[in-house]
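So the structure is just underneath, and the comments pick up after that.
The values are calculated or read from the model by the stated rules, or taken from the named source; none is laboratory data. The shown structure was predicted, so the numbers you read here are calculated from the model rather than taken from an experiment. Here Cβ is always computed from backbone atoms with ideal geometry, including for glycine, and neighbour counts include all displayed protein chains.
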């Protein structure tokens, strides 16, 4: 007689739980300029009939983009994305306000092992965080 097995099928363990992120924008150029300025980068952009995207440069690991188009609505409610701030998040944090953003939580220690974080509102009104070890 057949039965229902209570054993769960073993799944492959994921190395990372985030594979891609998108930061919505209304004023695409302003948003791209904001992130180019605070990270001192030059984002590659792509446009089609409906969407504009600017890609954060990455060699490996999690990538992401600024996106403008249907359904891309900036906001402070929802998931909080922690952006890598390198060795010391103060290097990026000090550029937030001059670039048109607002700091809502200054550099704060999580603990010795995990490092520091800060929360900011970008030029489009999105709430994001920075993380660094120092």
Can you find even one residue in the stretch 106-123 that is part of a loop (DSSP other than H, G, I, E, B), closer than 18 Å to residue 22 by Cβ and either touching a helix residue (DSSP H, G or I) at 6+ places or on another chain (Cβ under 7 Å) or touching a residue at least 40 places away in the same chain (Cβ under 8 Å) (or both)?
yes
Consider residue 34 carefully, then state whether it is in contact with a strand residue (DSSP E or B) (Cβ under 6 Å, 6 or more places away or on another chain) and under 20 Å from residue 127 (Cα atoms).
no
Is it the case that residue 29 is over 13 Å from the mean Cα position of the chain (by Cα) and either touching a residue at least 60 places away in the same chain (Cβ under 8 Å) or part of a loop (DSSP other than H, G, I, E, B) (or both)?
no
Check 61, 71 and return the single one that is within 18 Å of residue 18 (Cβ to Cβ) and out of contact with any helix residue (DSSP H, G or I) (no Cβ under 8 Å at 6 or more places or on another chain).
61
Exactly one of 42, 12 is modelled with pLDDT of 95 or more, loosely packed, with under 14 Cβ neighbours inside 10 Å and out of contact with any strand residue (DSSP E or B) (no Cβ under 9 Å at 6 or more places or on another chain), and that residue is 42
Checking residue 51 against (1) in contact (Cβ under 8 Å) with a residue 12 or more places away in the chain; (2) in contact with a strand residue (DSSP E or B) (Cβ under 9 Å, 6 or more places away or on another chain); (3) exposed (fewer than 15 other Cβ atoms within 10 Å of the Cβ), the condition it does not meet
(3)
Complete set of residues in the stretch 88-102 that are surrounded by 11 or more Cβ atoms within 10 Å (Cβ to Cβ) and in a loop (DSSP other than H, G, I, E, B)
88, 89, 97, 99, 100, 101
Checking residue 79 against (1) outside any strand (DSSP E or B); (2) surrounded by fewer than 16 Cβ atoms within 10 Å (Cβ to Cβ); (3) at pLDDT 95 or above, only one condition comes out false. Which one?
(3)
